[in-house]
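Note sheet for the following structure.
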Amino acid sequence: MKNTIITICLLLVSALAKAQALQSYIQEAMANNPDIQAYELRYDIAREKVNEINTLPNTKISAGYFASEPETRTGAQRARFSIAQMLPWFGTITARENYASSMAETDFVAIAIAKRKLALSVAQSYYNLYAYTAKQNVFEKNIRLLQTYEQLALTSVEVGKTSAVDVLRLQIRQNEMIQQKEVLQEAYLAEQTQFNKLLNRKESINVEVVSKMTIPVEDPYFSNEGLTLNPELLRYDKLYESVKQSELLNQKERTPNLGFGLDYVPVAARPAMNFNDNGKDIIMPMVSLSIPIFNNKYRAVSKQNKLRQQEISSQKNERLNTLETAFAKAKSRRNQARIKFNTQERNLKQAKNAEEILVKNYETGTIDFNDVLDIQELQLKFQINQIQSIQIYFEQSAIINYLINHE
């Protein structure tokens, strides 16, 4: 189970370093996240309830002193001491243990669900950090490129081939890019805080993110048949079983309870008399039977359990429909991301070809810096769109793994 949780958001892609780094972060989150710790403590509490239930009712001990001693043929009764123990019907305690164990199993599945959701959150935050970093790198490269064009423009101004306005336009464009890069840095820091808090560590700790990710040539195949083994659905199976055990317990609790006890009465000997059993103490074993004659309560509980099972079945079917819809949407969005990535890849190659043409034109003295800015803006747009496509692809792949992955 633990290995399944750790690997649910890892993709078998060419970026092996990415998978290794993400796996390490997920492991750390599993070990340190306070929400997971709370779920595990809840499970431990549920397991302890099994031991709590495996007990008998309290033993009843009583004592009384006769203020006015009743006289009997063998002497006066001075006091009465009693001890009694009620016992549930055969199999009742076992039924209680089975019910408590079934409830604990429900909490155990809740841990698996929480771990899957945590792993998904860590992966999605990781991909956000990658996107922010990659976009900053793109802006940095484009800023350096514009600085190169600025030098070309300054040279052209000196020889009278262009206007100083073109230099100012290039500088303005650089300022805009510097602003966008700084905004991305702020967004990165906020995302880094969120990521570190998922791992329950200081917000300022640096997160190592791979420098390059790419969409694999082929997508791993997943069938929606694996949805039936998703812990979110298994939880309903455990709840159904707990209701079943609750009904078995209800049937046991409507049976009689047996009681065993003993009364002891010390008797004072009658003075100046000599006969058999004079002053003989009284010992009286007792057996009692508690019968639930008015059992409407148990019939009502049985009806509630039956309705509860029907409710759980309906909830499971509704949740399955929701997961199937989420699976279909994730596959569709992942495919859309691949299509957009490939389109941006072609556009980027064509934009670079146009850029090369402009550079060659500069050698002949016919460069148009308006065209330079247009082409540079297109390249930046395609590069940013590519990064977003990569981010969406891996985020949707992580969702698919969350829904399908199992052992």
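The values are calculated or read from the model by the stated rules, or taken from the named source; none is laboratory data. Computed from a predicted model, the values in this text were never measured in an experiment. Counting neighbours? That spans all protein chains shown, and the Cβs are built from the backbone with ideal geometry, glycine included.
Descriptive notes on the structure:
- Matching residues in segment 266-299 - criterion: being assigned to a strand (DSSP E or B), over 19 Å from A84 (Cβ atoms) and among the β-branched types (V, I, T): V267
- Test: residue in segment 238-257 that is touching a His at 6+ places or on another chain (Cβ under 7 Å) and more than 30 Å from S288 (Cβ to Cβ): no
- Tally, over segment 23-54, of residues that are more than 17 Å from A104 (Cβ to Cβ) and modelled with pLDDT under 90: 1
- Residues satisfying the stated conditions in segment 179-229, i.e. more than 24 Å from Q27 (Cα to Cα) and modelled with pLDDT of 95 or more: Q179, Q180, K181, E182, V183, L184, Q185, E186, A187
- Residue in segment 122-140 that is part of a helix (DSSP H, G or I), touching a Cys at 6+ places or on another chain (Cβ under 9 Å) and among the small types (G, A, S) present: yes
- Residue satisfying condition, being within 30 Å of Q386 (Cα to Cα) and either within 26 Å of the chain's Cα centre (by Cα) or in a helix (DSSP H, G or I) (or both), within set R333, R308: R333
- Residues located in segment 60-98, provided they are surrounded by fewer than 16 Cβ atoms within 10 Å (Cβ to Cβ), within 30 Å of N250 (Cβ to Cβ) and among the basic types (K, R): K60
- The numbered conditions (1) closer than 30 Å to Q304 by Cα; (2) surrounded by fewer than 19 Cβ atoms within 10 Å (Cβ to Cβ); (3) acidic (D, E) are all true for E241 except (2).
- In segment 272-280 there is at least one residue matching the filter, namely being under 21 Å from G64 (Cα atoms) and at pLDDT below 95.
- Selection from segment 194-232 of residues that are within 30 Å of Q309 (Cα to Cα) and surrounded by fewer than 19 Cβ atoms within 10 Å (Cβ to Cβ): S223, N224, E225, G226, T228, L229
- Counting the residues of segment 72-87 that are modelled with pLDDT of 90 or more and not polar (S, T, N, Q) gives 3.
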